[in-house]
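Novice: For reference, the structure I am asking about is given below.
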Amino acid sequence: MVTTRSIKLIMAAALASGVFMLANTSAQAAGDYYFFVKNKTDSAIVKLQVSEDKKTWGNFDVGKGIAAGEKAKLTWASTANDSGCNQWIRAKFADGSTSEPSKQDFCENLDDPIEFE
């Protein structure tokens, strides 16, 4: 049985681990940091990763993935609020391939999607 206490513990663990979350636009608070991703490939995106130094990568929770041709809105977890604007991002695909990392400014042009081709 899931209790309110267990839900709170799960949420606290997720935030403490620095996991990035897929946006729920209806529950998004004003001022959250977000960005859009457009998958222009033939394979679903199963993982998105970001890094400030291209050595240590953090993962976004993309749920069941971002299907080919789909556009998704993602929101940074509040634990990332002290991160710099310039980050490297890469996608891992269902077919096993990985995109080349590209440097993005996550403080500018938030409504312009990052496209993976």
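The values are calculated or read from the model by the stated rules, or taken from the named source; none is laboratory data. As the structure is a computational prediction, the values presented were derived from the model and not from experiment. Heads up, the Cβs are rebuilt from the backbone with ideal geometry, glycines too, and the neighbour counts pull from every protein chain shown.
Novice: Among the residues of the stretch 62-108, which ones are over 19 Å from Lys40 (Cα atoms) and exposed (fewer than 13 other Cβ atoms within 10 Å of the Cβ)?
Specialist: Within the stretch 62-108, Ser78, Asn81, Asp82, Gly84, Cys85, Asn86, Asp105, Cys107, Glu108 meet the criteria.
Novice: Name the single residue that is farthest from the chain's Cα centre (by Cα) among those in the stretch 32-58 being modelled with pLDDT of 95 or more and aliphatic (A, V, I, L, M).
Specialist: Within the stretch 32-58, the match that is farthest from the chain's Cα centre (by Cα) is Ala44.
Novice: Moving to a separate point now. Does the stretch 36-59 hold any residues that are in contact (Cβ under 8 Å) with a residue 60 or more places away in the chain, of a type outside the set (S, T, N, Q) and not in a loop (DSSP other than H, G, I, E, B), and which are they?
Specialist: Restricting attention to the stretch 36-59, the residues satisfying the condition of being in contact (Cβ under 8 Å) with a residue 60 or more places away in the chain are 36-41, 45.
Checking which are of a type outside the set (S, T, N, Q) leaves us with 36-38, 40, 45.
Result: Phe36, Val37, Lys38, Ile45.
Novice: OK, next. Name the residue that is modelled with the lowest pLDDT, counting only residues in the stretch 59-74 that are farther than 12 Å from Val37 by Cβ and under 12 Å from the mean Cα position of the chain (by Cα).
Specialist: Per the stated criteria, the residue is Asp61.
Novice: Going by the conditions given, is Lys71 in contact with a Pro (Cβ under 8 Å, 6 or more places away or on another chain) and among the basic types (Lys, Arg)? Let's see the steps before the verdict.
Specialist: Values: in contact with a Pro (Cβ under 8 Å, 6 or more places away or on another chain): yes; among the basic types (Lys, Arg): yes.
Judged against the criteria, Lys71 is a match.
Novice: Given (1) assigned to a loop (DSSP other than H, G, I, E, B); (2) at pLDDT 75 or above, where does Ala29 come up short, assuming only one miss?
Specialist: Single failed check for Ala29: (2).
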